[in-house]
Structure formats: C-alpha cells, structure tokens
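Following: one structure in structure tokens, then a few remarks.
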Amino acid sequence: QSYLRIQANAALTNLDGLASLTSVGGYLQISSNNALTNLDGLASLTSIGAYLYIDNNYALTNLDGLASLTSVGGYLHIYNNALINLDGLASLTSVGDYLYIDNSYALTNVDGLNSLTSVGGYLQISSNNALTNLDGLASLTSVGDYVYIYNNTALKNVDGLASLTSVEGYLRIQYNATLTNLNGLASLTNVKGELDIYNNAALTNVNGLASLTSVGGVLDIRENDVLVNLD
C-alpha cells in the first residue's frame, strides 16, 4: 500500500513543497512535527484512499490546507493537536471507516464537518475540553458502528446529531460535565447495541430519546446527578 508519512521533523514549519499533490492512494500520516503551523501545502489534495492520521502537532491550529479534500476511504483520526477549528475539512463528505477526534484541547466546534453525511465505522468525540457543541455534524445521517461522546467537559448539547436516525453499534454518552439535555437525538429511533447514558453531571432530562423504539443491547442510564425523571 502506498503512503505518505510526515513524522517527527522538529524544524518543519510547512508542507509547501507538496503543492502539486492531488491524491494519496494509501494513507497520509502527519505526526509529531512540533513546529508545523499549517497544512497549506496540501491545498491540491482531493482524496485519500486509506486513512488520514493527524496527531501530536502542537503548533498546528488549523486544517485549512485540506480544503479540497472530499473523501477519506479509511479512517480519519485527529488527536492531540492545537486545532482551534476544523474548517479546513469543509469539503469532506464521507469517511469510509471511523472518525476519531480526541484531546484537541483548543477546539470549540466541529463546524468544518458540515458536509459530512456518513461515517462507515464508529464516531468517537472525546476529551476535547473546549468543545461546546456538535453542530457541525448536522448533515450526518448514518454511522456504521458505535457512537461515543465522552469527557467533553464544555459540551452543552448534542443538537448537531439531529439528523442521526440509527446507530449500528452502541451509543455511549459519558462524563460530559455540562451537558444538560439530549434533545439533539430526537430523530434517533434505533440503537442496535447498548445505550449508555452515564455520569453526565448536569443532565436534567432524557426527553430527546422520545423517538427511540428499540435498543438491541442493555439500556443503562445511571449516575447522572441531577436527572429527575425519565418521562
């Protein structure tokens, strides 16, 4: 499998030398480049056949250089970067495997994913401490595996999941300390695996689950300190 790996280049500040690159047949990994501030050199890149992995680039604040990217055939993994937004992914319509956004400590929204309609594998959004909403996922209608929303301490709501009608695996919403409601799940009718709403300290109601007709596994709602009823 062909791939492009850009890793552990301590003095690398840009990727401008890749300005003519239009596709990567295999995977693209951009990891541990501590001085890399932008991906503008990838502005001509339209597709990645396998996965895209962007992690531990501590000066990288945006993905604007990926503005032409429309598809990722495998997974999209974004971990431990200084990203303020994901606006550079605005042309991305599909992720063939999983979408994982974790420990992006400055990320306040995922609005750059507003063209994304499907995730073939799982969707995990976890430990993004400045993330306040998921509105950028408003076009997402299907997730092929589980959905895990975990430990996003500033997340107020899940309204961005309003188009999601079914989850093929489990759905877990855990340790989101400021999440007050699940109204964004109002279109959800079917969870084929376990449904776990656990330890969301500000959650007052689960009215957003009113359309849910079936859960294939365990339904577990517990340790949500101010949840007063299950009406």
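The values are calculated or read from the model by the stated rules, or taken from the named source; none is laboratory data. Note that this is a predicted model, so its numbers are computed, not measured. With ideal geometry, Cβ positions are generated from the backbone for all residues, glycine too; neighbour counts draw on all protein chains shown. All accessible areas refer to the heavy atoms of the entire protein, side chains included, with ligands and DNA or RNA removed. Shrake-Rupley method; radii C 1.70, N 1.55, O 1.52, S 1.80 Å.
In segment 138-231, counting only strands (runs of 3 or more DSSP E) that sit wholly within it, none holds 3 or more residues that are surrounded by fewer than 18 Cβ atoms within 10 Å (Cβ to Cβ), among the β-branched types (Val, Ile, Thr) and touching a residue at least 12 places away in the same chain (Cβ under 8 Å). Filtering segment 199-231 to residues that are over 15 Å from Ile173 (Cα atoms) and among the polar types (S, T, N, Q) leaves Ser211, Thr213, Ser214, Asn229.
With the requirement that a residue be open to solvent by less than 30 Å² (accessible area, probe 1.4 Å), assigned to a loop (DSSP other than H, G, I, E, B) and under 23 Å from Asp145 (Cα atoms), what does segment 81-95 give you? Of everything in segment 81-95, those that are open to solvent by less than 30 Å² (accessible area, probe 1.4 Å), assigned to a loop (DSSP other than H, G, I, E, B) and under 23 Å from Asp145 (Cα atoms) turn out to be Leu86, Leu92. Of all the criteria given as (1) closer than 27 Å to Gly217 by Cα; (2) open to solvent by less than 10 Å² (accessible area, probe 1.4 Å), the one not satisfied by Tyr98 is (2).
In segment 1-30, the residue that is surrounded by the most Cβ atoms within 10 Å (Cβ to Cβ) out of those that are in a strand (DSSP E or B) and in contact (Cβ under 8 Å) with a residue 40 or more places away in the chain is Tyr27.
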